[in-house]
Each structure stands twice: as C-alpha cells, then as structure tokens.
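Peer 1: Before we start, here is the structure in question, set down as structure tokens.
The values are calculated or read from the model by the stated rules, or taken from the named source; none is laboratory data. Model, not experiment: these values are computed from the prediction. Positions of Cβ are generated from backbone atoms using ideal geometry, with glycine treated the same way; all protein chains shown enter the neighbour counts.
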Amino acid sequence: MQSVLDEQTLCIPTKLYRIGELVRYTPFSRQTIHNYTIMGLISEVQWTEGGHRLYDESVFMKLSKIVQLKRTKTLVEIKNILNKEEAAEQMLADDSN
C-alpha cells in the first residue's frame with residue numbers, strides 16, 4: 001500500500017547557516033558575527049547537537065542593514081534601531097492575527 005501526501009502537508013525545511021557560512025558570504029569575521037550575536041544585533045534560530053549556532057536566511061538582511069548603519073551609527077544605536085523595527089514588526093503581526 002502506497003501512501004499519498006497532500007501537497008499542503010509538505011513542509012520545505014528552512015536553510016540554516018553556520019557562522020562559517022556567514023563569514024564566507026558576508027564581509028564579517030567569525031569574531032564579529034559572534035560579537036553581534038552576543039550583543040543581540042543578530043540571533044541564532046537554533047543550535048546543533050554539538051553546540052554550534054545556526055542562523056536562518058533573515059540574518060543576511062540584518063547584516064546588510066548593519067553594514068549600512070555602521071557608516072553613521074554606533075553599535076548601540078544600531079541595536080536600538082533594530083529593536084524598534086522588530087517591535088514594530090511584531091505589533092503588525094499581532095494585529096493581523
């Protein structure tokens with residue numbers, strides 16, 4: 001007996017990136033990615049069983065924004081800007097539910 005899956009039940013797994021991949025695809029060093037994570041500028045979405053941080057694709061947009069903002073802002077100012085944007089996005093998401 002062969003089972004048939006409805007297309008709506010399939011879930012495409014999100015691509016997750018290790019720090020090494022972020023270093024390869026961005027101008028940031030491993031230490032900078034680590035520091036930005038500790039500071040709360042970016043955040044991991046998951047951890048491997050071995051304790052490595054994993055980031056989703058949204059980290060690239062945040063890192064791009066950080067590159068732009070670093071031209072005129074301090075890291076503390078950037079963190080405040082990103083936190084305000086996240087709060088606004090969360091409010092919009094809550095309002096739509």
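Peer 1: Can you tell me which residue is nearest to the chain's Cα centre (by Cα) among those in segment 48-97 that are polar (S, T, N, Q) and more than 19 Å from VAL23 (Cα to Cα)? Break it down stepwise before answering.
Peer 2: Narrowing segment 48-97 to residues polar (S, T, N, Q): 48, 58, 64, 68, 72, 74, 80, 83, 90, 96-97.
Then keep just the ones that are more than 19 Å from VAL23 (Cα to Cα); that gives 72, 74, 80, 83, 90, 96-97.
Working: THR72: 22, THR74: 20, ASN80: 16, ASN83: 13, GLN90: 15, SER96: 22, ASN97: 23 Å.
Per the stated criteria, the residue is ASN83.
Peer 1: Among VAL76, VAL59, which is closer than 18 Å to THR32 by Cβ and touching a residue at least 40 places away in the same chain (Cβ under 8 Å)? Spell out the reasoning first.
Peer 2: On the way: VAL76 fails: touching a residue at least 40 places away in the same chain (Cβ under 8 Å).
The match here is VAL59.
Peer 1: GLN8 fails exactly one of the following numbered conditions: (1) modelled with pLDDT of 95 or more; (2) not in a loop (DSSP other than H, G, I, E, B). What is the number of that condition?
Peer 2: In the conditions (1) modelled with pLDDT of 95 or more; (2) not in a loop (DSSP other than H, G, I, E, B), GLN8 misses (1) alone.
Peer 1: For residues that are part of a strand (DSSP E or B) and not polar (S, T, N, Q), scanning just segment 34-59, find the one that is surrounded by the most Cβ atoms within 10 Å (Cβ to Cβ). I'd like the intermediate steps shown before the answer.
Peer 2: Of the residues in segment 34-59, the ones part of a strand (DSSP E or B) are 46-47, 53-55.
Checking the rest, the ones that are also not polar (S, T, N, Q) come to 47, 53-55.
Numbers: TRP47: 10, ARG53: 19, LEU54: 17, TYR55: 23.
Looking at residues that are part of a strand (DSSP E or B) and not polar (S, T, N, Q), I get TYR55.
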